[in-house]
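Beneath this line is the structure, given in structure tokens, with notes to follow.
The values are calculated or read from the model by the stated rules, or taken from the named source; none is laboratory data. Quick caveat: nothing in here was measured; it's all calculated off a predicted structure. So basically every Cβ, Gly included, is an ideal-geometry build from the backbone, and we count neighbours across all protein chains shown. All accessible areas refer to the heavy atoms of the entire protein, side chains included, with ligands and DNA or RNA removed. Shrake-Rupley method; radii C 1.70, N 1.55, O 1.52, S 1.80 Å.
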Amino acid sequence: MNELPPPPASRDELEARLRQQALLAEFGRRALGGISFDTLLEEATRMTALGMKVRFCKVLEYLPDQNRLLVRAGVGWHEGVVGKVKIGAELASPAGYALHTGKPVISNHLQAEDRFTTPDLLVEHGVKRALNVILLGGGQPYGVLEVDSEAPGAFNDHDTDFLQAVANLLGLALERRQAEEALRQSNETLEQRVEAEVAERRQTEDALRQAQKMEAVGQLTGGVAHDFNNLLLVIMGNLELLGRAVAADQRLSRLVATALKGANRGARLTSQLLAFARRQTLRPETRLINDMIREFDVLATRMLGESIAVEFVLEPTAGACEVDPAQFGSALLNLVVNARDAMPDGGILTVASRNLALDARTAARHADAHAGRYVVVEVADTGSGMAPEVAERATEPFFTTKELGKGTGLGLSQVYGFVRQSGGFLTIDSAPDAGTRIGIHLPEVTASAAQAEASAMAETGSGVILVVEDDADVRELVVMQLEELGYASIIAGSGPEALDILAAAATPRIDLLLTDVVMPGGMNGVELVREARRQRPALKALLTSGYTAGHGPGESEAAAADLVLLSKPYQQADLARAIQEALGRG
């Protein structure tokens with residue numbers, strides 16, 4: 001009797017990561033908002049304590065002339081501490097060491113600590129463990145962000161990453177405050193600037209804000225992509241294996257299918273957020289229009305809030321088009337954001353798909369249109385609508401009817417540019433108090449059903465694969481997937497260990513090296529392949545990565561070396577195809 005695969009990663013661990021990322025996202029939104037810096041500091045300590053489930057948190061501001069740290073903001077401390085108490089900033093203290101070296105400091109047993117002297121403030125509050133990270137502003141040390149707990153336990157590297165992410169967002173807010181203060185002082189001496197220069201400055205400020213938002217989103221998502229995708233890979237892979245093991249039980253099969261559907265939605269959401277934030281190089285693919293809309297569904301429903309109902313009216317026979325999926329998602333996101341802003345009191349948003357055949361006479365009525373077959377995506381709202389003169393200019397760059405600071409006027413122009421570059425055209429139907437309907441028309445192409453069916457099947461094979469993966473859960477899953485595909489496995493937890501296996505005389509023939517790109521031990525996957533081929537020049541290689549394709553550490557080297565790269569999370573069929581591709585390369 002076959003044993004069931006091991007359970008997925010700890011639910012508590014996954015929930016803790018998700019809670020922290022949700023808090024980071026909310027704090028990022030507030031950091032980019034209009035609240036004062038002092039209020040933002042208080043929010044940072046409150047949300048950090050909540051995310052790490054500790055009682056105490058504080059922001060320590062460095063006073064260079066005194067070489068001391070002032071408790072500028074905090075939560076959990078006795079009355080009279082925040083804004084008044086100062087502690088030493090010497091290297092002998094945890095906070096001082098973090099400040100002067102820039103390195104995070106984890107002290108899980110302060111009473112037994114022999115590296116540092118515990119500040120009296122922590123002793124008075126019964127603190128048993130502390131975690132400190134540096135807080136930078138404008139490239140200079142502003143101070144330290146610290147969490148403390150009187151409860152036993154241990155802070156870990158994931159806690160450090162979360163705390164540093166909060167500190168980085170505070171640093172961005174501090175830089176913006178410094179920039180705004182410098183701008184204010186400059187404006188006091190430039191009261192005679194002409195109106196054209198004022199307009200130009202406002203456009204520059206809007207563009208800067210947009211860039212800061214994108215940078216913050218990238219920092220929030222990029223740092224956790226690798227670990228989060230590893231977790232999703234373990235969950236999805238084990239569910240896939242479990243589904244085959246319980247295929248005879250309809251009830252269990254339905255439960256597994258539902259769980260796998262949820263994991264896939266999580267993977268699509270992570271992929272969409274990363275693709276949207278990073279502005280990566282875009283590549284067109286032949287995709288069914290309904291499939292791309294369903295992927296976008298994950299992000300759209302979280303953008304709109306509870307006051308707006310979302311309806312998807314998708315024609316089952318809607319065809320395929322050749323577009324970049326990430327840019328298509330970005331275009332839909334722009335339309336959804338505009339629709340949301342047009343319905344401040346709530347309403348209904350409808351996303352529909354259909355096929356359309358245009359003859360020459362009908363095509364002549366639309367700019368950029370040609371006779372032929374199109375697939376159409378329409379985004380309609382029940383909002384305030386636009387007057388004819390506004391609708392005529394809606395796709396002009398920097399044209400906006402929103403309040404200053406509420407929009408750049410680039411959203412619809414970006415959608416228009418994407419549609420034109422894809423060989424299609426855009427239609428706008430709107431009237432005051434009658435809502436707006438925007439249609440994206442893309443040329444229809446033929447999607448091969450046979451190719452789609454073949455792509456969903458896992459190709460079996462034979463041979464020996466050396467699996468190099470530092471995450472034990474991922475490593476165990478990959479070995480099980482390979483066994484089902486007919487491959488034998490040899491495992492290693494790091495690059496140096498893999499090289500020792502390759503160098504051993506007793507090691508049998510190895511047909512493929514399957515390695516993660518990012519690994520501990522001072523050697524990434526690309527470097528491992530390079531060293532391994534010095535020992536075995538004909539060795540084939542396949543790399544995997546939990547980062548967005550093309551943007552993870554070492555991935556540009558992989559592309560330059562013409563190595564096959566498989567992005568996590570992936571399913572067994574994806575792994576099978578990637579193996580076949582890697583084995584087929586010369």
The stretch 310-345-the stretch 55-118 distance, computed between alpha-carbon centres (Å): 49
Residue-by-residue Karplus 3J(HN,Hα) for the stretch 356-367, coefficients 6.51, -1.76, 1.60, Hz, glycine and proline x: 8, 10, 10, 8, 4, 5, 5, 4, 5, 7, 10, 5
Normalised contact order of the stretch 80-167, rounded percent, pairs of Cα under 8 Å and 6 or more residues apart: 26
Dipole moment magnitude, nearest 20 debye, the stretch 37-185 about Cα centre, only Lys, Arg, Asp, Glu C-beta charged: 80
Area accessible to solvent at K53, 1.4 Å probe radius, in Å²: 150
Given charges at Cβ of Lys, Arg, Asp, Glu: the stretch 32-98 dipole, positive-most of F56, G33, A98: F56
Solvent-accessible area of D429 with every protein chain in place, 1.4 Å probe, in Å² to the nearest 10: 100
Protein accessible area in the stretch 62-107, 1.4 Å probe - carbon and sulfur %: 52
Amide hydrogen neighbours beyond the local backbone of V85, cut-off 5 Å, H modeled: V71
Per residue, in Å², the accessible surface of the stretch 51-130 once ligands and nucleic acids are set aside, probe 1.4 Å: 50
Two-decimal log10 I(q)/I(0) for the stretch 1-150, as the Debye equation yields it once each C-alpha is a single scatterer, q = 0.11, 0.13, 0.14, 0.20 Å⁻¹: -0.46, -0.62, -0.71, -1.32
Phi to ³J(HN,Hα) by Karplus 6.51 cos²θ - 1.76 cosθ + 1.60 over the stretch 40-46, Hz, x for Gly, Pro: 5, 4, 4, 4, 4, 5, 5
For G435, distant residues with modelled amide H under 5 Å away: G383, G385
For K540, distant residues with modelled amide H under 5 Å away: L513
